[in-house]
Amino acid sequence: MFDNSMTIEGFDDEIAAAIGEEERRQEDHIELIASENYTSPR
């Protein structure tokens, strides 16, 4: 059964570390995606 007190750290250290690294990466860097936006002629 699901236990609310169990965290990912208590289940899998490697996945917890990967999630932590991804959270830090997203907080520290911004990724801009170049795109074009054209309006449709009427």
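Each value in this text was obtained by applying a stated rule to the coordinates, not by laboratory testing. Small disclaimer: the values here were computed from a predicted structure and weren't measured. All Cβ positions, even for glycine, are placed from backbone atoms using ideal geometry, and neighbour counts span all protein chains on display.
What the table below lists for this structure:
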{"quantity": "Where Rh is the Kirkwood radius over Cα pairs, Rg/Rh for the chain", "calculated": "1.39"}
{"quantity": "Signed unit charges on C-beta, dipole axis of the chain, positive-most listed residue I30, I15, N4", "calculated": "I30"}
{"quantity": "Over the chain: helical MRE at 222 nm, DSSP H runs n ≥ 4 each giving -39500 (n - 2.57), nearest 500", "calculated": "-14000 deg cm²/dmol"}
{"quantity": "Dipole magnitude (debye, nearest 20) for the chain, charges at Cβ of Lys, Arg, Asp, Glu", "calculated": "480 debye"}
